[in-house]
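The values are calculated or read from the model by the stated rules, or taken from the named source; none is laboratory data. Here the structure is a predicted model, which is why all the values come from computation and not from measurement. For neighbour counting, all protein chains shown are included, and Cβ atoms are generated from backbone atoms with ideal geometry for every residue, glycine included. Quick note on the areas: whole protein, heavy atoms, side chains included, nothing else; ligands and nucleic acids left out. Shrake-Rupley method; radii C 1.70, N 1.55, O 1.52, S 1.80 Å.
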Amino acid sequence: MGSFFERMQKATRLYENNAPAYLRTHPLTSERIADMQNRAQMAVYKQAPDSVEFHLARAKLRAEQGLPREAVAHFDELVREHRYAEEAGARYGLASALARARDVSAQRPKSKQYASCSALTHGGAADGTSATRRRRSGGSSRCAARSPRSRSQLSAASLRLCGYPARDGQHQAALAWLADLVKSYPRDARMYSLQAKSYAASGKRLLHHQALAETYVLQGTLPAAIEQLQFAQKSGDGDFYQLSAVEARLRDLRSLQAEEKKTAKEN
């Protein structure tokens, strides 16, 4: 900002007058420059890391540039030599480039994994055959299994990879992976939402309502969360420990709801 005001001062020096500062509609440019320089010296240096979404968006744009084979070669080299700032972005870029090049042959190492990941992240161009579904199911499972336990698991691509095995009937593998994610990211409603869907597909009613309740809690909808826990109590398929956990959580949420109502009345 200091440099900007210095440039503006040079550009408008011919229009300056000698009016005092208290008669002007804006502060003197020299005062602005001094103020910005003082603020810059006192400011604490802070470098914010790029988000996973940024890396995914950049990889997608890069995969769409130039010839398809050039994009594949670029991302293939990044992944092979581990020259990336975010692994999820590099692998997503390779999957996007492979999909654009329509390269799903077995000649490329691990191409089945990249092709299946690409089908998921792009919505898929399935031909409807059972062989294709089996191939994509196996690839998506391997992608989920080899995904790093880091913040990249929260990316949109990783979330869709996590939900895909559940649609193919591989619920136990998806639930095991989701259990780790919920422990790592207990404040992310998307984790519980995916977990609730997997529990529902597995026929685990109590756990389905319990996970759905936590989703509503994180979304700030306490009445809906309490209702889901009540459904969990009546599900009839939970053991003693699961029912005890549901009852304890229900008491906590009801207490929290009472406090919110009390605060609302006082205000």
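Put a dot 7 Å past each Cα toward the Cβ at A224 and F240; how far apart are the dots in nm?
About 3.5 nm, to one decimal.
Given a Förster distance of 41 angstrom, what is the FRET efficiency for D35 paired with Q65, based on the Cβ-Cβ distance and rounded to 0.05?
With a Förster radius of 41 Å, E is 0.45.
Work out the FRET efficiency for Y185 and M1 from their Cβ-Cβ distance, taking R0 = 35 Å, and round it to the nearest 0.05.
The formula returns an efficiency of 0.40 here.
Kindly state, to the nearest 0.05, the FRET efficiency for Y84 paired with S202, given R0 = 41 Å and r defined as their beta-carbon distance.
0.70
For the peptides 233-239, 57-63, what is the packing order when you average, over each peptide's residues, the other Cβ atoms within 10 Å and list the highest mean first?
57-63, 233-239
With a 1.4 Å probe and all protein chains in place, put T215, T263 in order of accessible area, largest first.
Descending order: T263, T215.
What order do K204, K46 take when sorted by accessible area (1.4 Å probe), most exposed first?
Largest accessible area first, the residues go K46, K204.
Does a label point 7 Å from the Cα of R254, set along Cα-to-beta-carbon, have any residues of segment 188-224 with amide nitrogen under 15 Å, and which are they?
Under cut-off, by backbone N: 223-224.
Quick check: with the 1.4 Å probe, what order do E87, E259 take by accessible area, largest first?
E259, E87
Can you run phi through the Karplus equation (6.51, -1.76, 1.60; θ = phi - 60°) for segment 232-240 and list ³J(HN,Hα) in whole Hz, with x for Gly and Pro?
Per residue, the Karplus-derived 3J(HN,Hα) values read 4, 5, 9, 5, x, 10, x, 8, 4 Hz.
How far apart, in nm, are two points set 7 Å out from the Cα along the Cα-to-Cβ line at A73 and at R102?
Taking the two extended label points, one gets 2.1 nm.
Any lysines with Cα under 23 Å of the K183 Cα? List them, leaving off those in the same chain fewer than 8 positions away.
Candidates past the 8-residue exclusion: K197, K204.
If each of A264 and A11 carries a label point 7 Å out from its Cα toward its Cβ, how far apart are those two points in nm?
Spacing of the two 7 Å Cα→Cβ label points: 5.2 nm.
Mind checking which lysines have their Cα closer than 23 Å to the Cα of K60? Skip sequence neighbours fewer than 8 apart in that chain.
Reachable lysines: K110, K112.
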